[in-house]
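S.K.: Take a look at this one; I'll ask things after.
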Amino acid sequence: MDLNPPAGENYAHPNICFFHVVFKAAALAFYILSALFFDSFVIIFVVTVLLAALDFWVVKNVSGRILVGLRWWNEINEEGESVWKFECLDQESLARINKKDSWLFWWTLYLAAVLWLFLGIFSLVRFQADYLLVVGVCLTLSIANIVGFTKCRKDAKKQLQAFATQTLASGFSSTIQSAFTVV
């Protein structure tokens, strides 16, 4: 993954990019700054987790679909097993995904999780188990999106490879068939 955003390219969906970043930043900022304004752990917990849940929902259902063309969800089948489901745009649409949008999506997804992890370590060092609970919930939501979208991206690559193999095989088959038809 490239560390720098693509040069000379604008965001194709600036509003979606804004909300993709703003919910992550709001949850982190509220958690960090809330101790200055509130003495109530309950308020800090509820508002921080609510902002993190909004971020989870926006990433999973809106920005993931629009910025990188991926969508995931998890279902429980009749046997009680967890089954991951993935959707991705067709290959032509995926090729048109804006590189800067994609870069922003993936880097903020990982950066937010790293920041929550850092805040968790900080809470652990300060022996603040209650605040560690808040961070644990927020980190779990971030990691769930990372795992879901990473699996979805791998599934999309497998589908692309299978499609390419099938296309090559059918092209080869029709070429062979037409060669024998001419004879």
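The values are calculated or read from the model by the stated rules, or taken from the named source; none is laboratory data. Please read all numbers here as calculations on a predicted model, not as lab measurements. All Cβ positions, even for glycine, are placed from backbone atoms using ideal geometry, and neighbour counts span all protein chains on display. Keep in mind that these areas ignore ligands, DNA and RNA; they rest on the heavy atoms of the full protein, side chains included. Shrake-Rupley method; radii C 1.70, N 1.55, O 1.52, S 1.80 Å.
S.K.: Based on what the data block shows, is Phe45 touching a residue at least 40 places away in the same chain (Cβ under 8 Å), open to solvent by 50 Å² or more (accessible area, probe 1.4 Å) and of a type outside the set (Asp, Glu)?
M.R.: Numbers: touching a residue at least 40 places away in the same chain (Cβ under 8 Å): yes; open to solvent by 50 Å² or more (accessible area, probe 1.4 Å): yes; of a type outside the set (Asp, Glu): yes.
Considered against the rule, which asks whether it is touching a residue at least 40 places away in the same chain (Cβ under 8 Å), open to solvent by 50 Å² or more (accessible area, probe 1.4 Å) and of a type outside the set (Asp, Glu), Phe45 comes out as yes.
S.K.: Let me ask another. Go through (1) at pLDDT below 90; (2) crowded, with 18+ Cβ neighbours inside 10 Å; (3) not basic (Lys, Arg) for Cys138 and report which single condition fails.
M.R.: (1)
S.K.: What are the pairs, 6+ residues apart or on separate chains, where a residue within the stretch 11-31 that is in contact (Cβ under 8 Å) with a residue 12 or more places away in the chain has its Cβ under 7 Å from a residue that is assigned to a loop (DSSP other than H, G, I, E, B) and open to solvent by 40 Å² or more (accessible area, probe 1.4 Å)?
M.R.: Cys17/Tyr11
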